[in-house]
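The values are calculated or read from the model by the stated rules, or taken from the named source; none is laboratory data. None of these values were measured; they are calculated from a predicted model. So basically every Cβ, Gly included, is an ideal-geometry build from the backbone, and we count neighbours across all protein chains shown. Keep in mind that these areas ignore ligands, DNA and RNA; they rest on the heavy atoms of the full protein, side chains included. Shrake-Rupley method; radii C 1.70, N 1.55, O 1.52, S 1.80 Å.
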Amino acid sequence: MLRGPMRWIWFTLSPGSDRRSVLHFSGACRALRGVMDEVGATKRKSETPEPRPSKRQRGQPSSGPRERYVPPPKKRHAGVGFSEQHFQETQCYLEGGLRKVRPYYFDFETYCKGRWVGKTLLQVFSSEFRAEPIEYYLAAAEAGRLRLNEEPVRDLNIVLKNNDFLRNTVHRHEPPVTAQPINILEETDEMVIVDKPSSLPVHPCGRFRHNTVIFILGREHNLKELHTIHRLDRMTSGVLMFAKTGAVSKRIDEQVRERQLEKEYVCRVCGEFPDGEIVCEEPILVVSYKVGVCRVDPKGKSCKTVFQKLSYNGKSSVVKCFPHTGRTHQIRVHLQFLGHAIVNDPIYNTDAWGPNKGKGGKINKTNDELLKALVEEHRSKQSLDILDLPEDELKIILDDKQSETQIQSTDHLTSLKTILTVDSEDGQIKEVSVNPALSLNLCSQNDACKTASNVGNLNGQHGVTDMKDSLCGECKLTRPDPTPKDLVMYLHALRYKGAHFDYTSPMPDWAFEEWKED
């Protein structure tokens, strides 16, 4: 028996029907049911009345504001990987012992954070993107640099909603790094082991993208989709391991967690280091994750480092270091505590730590006071790029009082002739005056800003070269280049040994007993 959409239909089988006949009959019944259901669905659809046109469609004004549509989020590719398009963003070149990157256009992309929902773009930029003044973002909107859900957004009073996708196009400058090449120590089917130069970050972070180990290995050695097994500080050189697959990375990571990985470093420290085996187990506290500064503190995490002097030249000592744990800056902080900081450590061997430079953990400063003192010291030396910190964070540390309701142009934006008034109660822009002629306004007046970048993401232009960007503060600054010597810190990862591997890099020049500093 089948129940159709319109009536009951009866079928009978003779008593002698075999099993095959029954199966054929059952299949026919199912097919017939499908046909009749389709007929019924078609009839019901034809009987459904057409929806009435809206007031807007009938030419009548709508009763209220139209709800802003937010497209569903798109799946984003996880992990660190670069395509040929990324590699062609700009050009790198060697000059004066430095590896430099020509400035280029780059899109910062993000989905709306949960804490941003219900806030205006103005409020978000004011509270969480304080590296630039509000008038910069207003000018960027006028120039078409800000996009919300891939549509240019001109009004910073727009209220953000869940799944909003924000894109901000900026003119990006990367600090130079040492021109020392990345030497591949060994490559197997599972791993790549390199000798990392000092000053080169492992992966994109802060202001660094093209000048990173991951990026250079992909572009110059065709080693792509590598998995980071461990990391070295930007100023630390030496053995750096990458896995070619996630499974290998996971296997070695388990060895790291179970402390089966033996690590051996070498460094040059101030003064004559004590003889024998010196053990330091002082707990280390992170002062700032963004800046990358730590200090010895009872509230910190437990750690252990063993030291052994190799040589002394009358002024500084070469010391081997065996970290039993992997805390941030562990070797550097423990050496500072012992009163033998690394000779040219740009963070832990400075006057910002006090007259004794942090020996014995005596600093007599709060964390905030310490951070500001560090930044001010490098600012006075014009060496801010040496710090492992994006410059926008430096600005926030130095000046955290940008809460005025009347904001005027800063030095590098005076040409924009921008003045705006912000209501202190609801945070909305009430008065705006922007140079109406403002556009991309690209020119070729600064050789330092020449770039072969493909700026296809910037208002649809392609292949623009020799550009200076009117909104970019960096284009209006003249920075002295560091010397290659400024970019080398005397700390080197000499050896990494695991359950089934043992990798060693050559001893750096400054670690030999007869070496003398210039």
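Ordered by 1.4 Å accessible area with all protein chains kept, Glu187, Glu128, Glu174 run largest first as Glu187, Glu128, Glu174. With a cut-off of 10 Å between beta carbons, the residues surrounding Val319 carry a summed charge of +3, where Lys and Arg count +1 and Asp and Glu -1. Segment Ser380..Leu285, full-extension length gain: 31.5 nm, with 0.36 nm per residue of separation and the alpha-carbon distance subtracted. Once the whole set of protein chains is in place, how much accessible area is left on Glu220, using a 1.4 Å probe, in Å² to the nearest 10? About 110 Å², ignoring ligands and nucleic acids. The simple spin-label model puts a point 7 Å past each Cα toward its Cβ; for Ile184 and Thr325 those points are separated by 3.7 nm. May I ask for the net charge around Ile342, where only other residues with Cβ less than 9 Å from the Cβ of Ile342 are counted and Lys, Arg are +1 while Asp, Glu are -1? That sum, taken over residues with Cβ under 9 Å, equals +1.
Excluding ligands, DNA and RNA, the accessible surface per residue across region 92-180 is 38 Å² with a 1.4 Å probe.
Remark: accessible surface ordering of Arg66, Arg167 (largest first) is Arg66, Arg167, probe radius 1.4 Å.
Using a Förster distance of 56 Å, how high is the FRET efficiency between Asn163 and Glu95, based on the Cβ-Cβ distance and rounded to 0.05?
Numbers: r = 45 Å, r/R0 = 0.80.
The formula returns an efficiency of 0.80 here.
Close amide-amide hydrogen proximity is noted between Leu491 and Ser237, each under 5 Å apart and 5 or more residues distant or on a separate chain (H modeled in the peptide plane; Pro and chain starts excluded). Each residue of region 498-508 was assigned a 3J(HN,Hα) from its phi angle through the Karplus expression (A = 6.51, B = -1.76, C = 1.60, θ = phi - 60°), giving x, 5, 10, 8, 7, 10, 10, 9, x, 5, x Hz with x at Gly and Pro.
If the limit is 19 Å between Cα atoms, which of Lys113/Lys372; Lys119/Lys161; Lys304/Lys359; Lys320/Lys497; Lys100/Lys468; Lys74/Lys113 go over it? Don't skip to the end; give the middle numbers.
Working: Lys113/Lys372 29 Å; Lys119/Lys161 8 Å; Lys304/Lys359 17 Å; Lys320/Lys497 15 Å; Lys100/Lys468 17 Å; Lys74/Lys113 15 Å.
Exceeds cut-off: Lys113/Lys372.
Annotation: per residue accessible area for region 229-294 equals 47 Å², rounded to a whole number [probe 1.4 Å, protein chains only].
Summing charges over all other residues whose Cβ lies under 10 Å from the Cβ of Ile363, with Lys and Arg as +1 and Asp and Glu as -1, gives +3.
Counting Lys and Arg as +1 and Asp and Glu as -1, each charge on the Cβ, what is the dipole of region 177-321 about the Cα centre in debye, to the nearest 20?
Values: 22 positive and 19 negative charges, 137 e Å.
Taking the Cα centre of region 177-321 as origin, the dipole is about 660 debye.
When the accessible area of region 184-296 is computed with all protein chains present and a 1.4 Å probe, what percentage of it is carbon and sulfur? Carbon and sulfur together cover 43 percent of it. Label-to-label distance, Asp253 versus Lys485, with points set 7 angstrom from Cα along the beta-carbon direction: 4.2 nm.
Segment Glu84..Thr245, full-extension length gain: 55.9 nm, with 0.36 nm per residue of separation and the alpha-carbon distance subtracted.
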